[in-house]
């Protein structure tokens, strides 16, 4: 079975974010960084070259595939800010309906700029995502 390439490392998160070329995206990234710190009560860690993650958990699928991943994270991608939320993001439809302008992937939220969304609703989504993930994968 292939090993995951995206792993935690000791790259400095704030130095990484300071290098984001687009100033709006850089500022939005620092705002998301602070919001995720508040929601998770964790310090950020770089995962791979471009993902900022908070916390971690071990998952194991019925297929036998297993690994470690961050509980919540983000990446200031060229196209948009990518926010990594719990798998099955569609279960949060009621919150998503109040969020604003965004796109979703399997477990990602794609935002062009923070002013396109309601930041309090984003915080609520993050809190629910973390709560759900911890209930499902992390023992007390």
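Which one of these is out of contact with any strand residue (DSSP E or B) (no Cβ under 8 Å at 6 or more places or on another chain) and modelled with pLDDT of 95 or more: 120, 114? Testing whether each residue is out of contact with any strand residue (DSSP E or B) (no Cβ under 8 Å at 6 or more places or on another chain) and modelled with pLDDT of 95 or more leaves just 120. Being without any contact (Cβ under 8 Å) to a residue 24 or more places away in the chain and in contact with a strand residue (DSSP E or B) (Cβ under 9 Å, 6 or more places away or on another chain) is a property that holds for residue 60.
Scanning the stretch 86-109 for residues that are under 17 Å from residue 53 (Cβ atoms) and in contact with a strand residue (DSSP E or B) (Cβ under 6 Å, 6 or more places away or on another chain) yields 89, 108, 109. Counting only strands (runs of 3 or more DSSP E) that sit wholly inside the stretch 1-102, those with at least 2 residues that are at pLDDT below 95 and closer than 19 Å to residue 131 by Cβ are 57-60. Considering the stretch 14-40, and only residues there that are within 14 Å of the chain's Cα centre (by Cα) and under 14 Å from residue 51 (Cβ atoms), the residue that is surrounded by the most Cβ atoms within 10 Å (Cβ to Cβ) turns out to be 36. List every residue pair whose Cβ atoms lie under 8 Å apart, where the two residues are 6 or more positions apart in sequence or sit on different chains, the first residue falls within the stretch 9-26 and is touching a residue at least 60 places away in the same chain (Cβ under 8 Å), and the second residue, located anywhere, is surrounded by 10 or more Cβ atoms within 10 Å (Cβ to Cβ) and assigned to a loop (DSSP other than H, G, I, E, B). Final answer for the pair search is 24/113; 25/113. Checked against (1) in contact with a helix residue (DSSP H, G or I) (Cβ under 8 Å, 6 or more places away or on another chain); (2) in a helix (DSSP H, G or I); (3) farther than 17 Å from residue 71 by Cα, residue 132 passes all but condition (3).
The values are calculated or read from the model by the stated rules, or taken from the named source; none is laboratory data. These numbers come from a predicted model, not from an experiment. Ideal geometry is used to build each Cβ from the backbone, glycine not excepted, and the neighbour counts take in all protein chains shown.
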